[in-house]
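The structure under discussion appears below in the form of structure tokens.
The values are calculated or read from the model by the stated rules, or taken from the named source; none is laboratory data. On a predicted model such as this, the values are computed, not experimentally measured, just so you know. Protein only, heavy atoms only, side chains kept; ligands, DNA and RNA dropped before computing areas. Shrake-Rupley method; radii C 1.70, N 1.55, O 1.52, S 1.80 Å.
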Amino acid sequence: MDKLINDFSFGLFFWQLIIMIVIVVILGKFAWKPIVNALEAREEGITDALAAAENAKREMANLKADNEKLLAEARAERDTLLKEAREIKEKLIADAKTEAEAQGEKLIAQAKATIESEKAAAILDLKTQVSSISIEIAEKLLKDQLSNKEAQTKLVEKMLDDVKLN
């Protein structure tokens, strides 16, 4: 440092100062404006990119909210459809049960009617057979009693006594 101070020359300093001023003027006229413009353009590009990123972030948040809203609506619609399907299923089951019960009751009624008609026919047939057997028995008894004169007389007297009593 001492050497610089001891070897200091005003002429050299003067020319270095003039060269420095000329370089600053030339740089100011030709280089500073393009450099500053480039820096400003870059700064503006960065600012635009940040704004675009912020907008994209907001749009993503909006899309996410919309997606969640659509998802919630889809879930609600799915739940509604499932509920309707359950109700339809329960209605179909209830209708099938009701129809089955009605068919069962109808079959039971038909069976009862068939049983009653067969029972009535059987009773009628039984009565017919009993009356035929009774007539045959009465016929045999009457033949037996009418062939005997004394028995005939007793029968007539008995009938007459019964008529008088009434």
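Below is a table of values for the structure above.
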read-out: Residue satisfying condition, being small (Gly, Ala, Ser), under 60 Å from the mean Cα position of the chain (by Cα) and open to solvent by less than 80 Å² (accessible area, probe 1.4 Å), within set 138, 121, 151; value: 121
read-out: Which listed residue is open to solvent by 100 Å² or more (accessible area, probe 1.4 Å) and assigned to a helix (DSSP H, G or I), from 84, 73, 40, 54; value: 40
